[in-house]
1. Condition test on THR76, is it modelled with pLDDT of 90 or more, assigned to a loop (DSSP other than H, G, I, E, B), within 23 Å of THR151 (Cα to Cα) and over 28 Å from the mean Cα position of the chain (by Cα)?
2. Please go through the range 111-126 and give me each residue that is touching a residue at least 40 places away in the same chain (Cβ under 8 Å) and not in a loop (DSSP other than H, G, I, E, B), ordered by number.
Amino acid sequence: MTTRPLLGLINLLALPIALISCSDHTPVQNKTISVQTLVKTEPVKVTPPVVKKVTEPESSALKTYHGLASWYSIKTNHGRTTASGRLLSNDAYTAAHKTLPFGTRVRVTSLFNGKSEILRITDRGPYVKGRIIDVTIGSAKRLGFYSRGITKVKVEVLSWGTWKYKKP
């Protein structure tokens, strides 16, 4: 039993006892009165707290794209340097896009399973018709489409990048 209902019960019991002791009416000597007849308690109803799901508003995305995503790695990139001049790591939180400025932060959401990840654009591509973004092999594993190779995604631009183009 929790403290709050217990205190309420004590208060309910104390009030009739106090009223009886202050009155000048004396009860019959042979008749005993139980506490249960003085106070009729009703079960305490506990309502669960209202839980609000906190979600980011849809307006946080500056621009949204829908299409196919694929993955690439150091081996498929034919080297270790990206078009932005940064080194490529297979587990990095980076991606390649044809037109978004380098340094742009995007949220890539797999429409197959709902998993999402925030990535930074550091490379150019993909150069296959119908695909809108290439993510690193590590991101593909985290997003759950590594074994499939491609998946339908939603790409939301969270902030625009300002990195300058650097030739490798």
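The values are calculated or read from the model by the stated rules, or taken from the named source; none is laboratory data. Since this is a predicted model, take the numbers as computed values, not measurements. So basically every Cβ, Gly included, is an ideal-geometry build from the backbone, and we count neighbours across all protein chains shown.
1. Numbers: modelled with pLDDT of 90 or more: no; assigned to a loop (DSSP other than H, G, I, E, B): yes; within 23 Å of THR151 (Cα to Cα): yes; over 28 Å from the mean Cα position of the chain (by Cα): yes.
No; evaluated as a whole, the condition is false for this residue.
2. Scanning the range 111-126 gives ILE118, ARG120, ILE121, THR122, ASP123.
Here's the yes/no breakdown for (1) in contact with a Phe, Trp or Tyr (Cβ under 8 Å, 6 or more places away or on another chain); (2) surrounded by fewer than 17 Cβ atoms within 10 Å (Cβ to Cβ):
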site	(1), (2)
THR82	no, no
PRO101	yes, yes
THR104	yes, no
LYS115	no, yes
ILE121	yes, no
ARG131	no, no
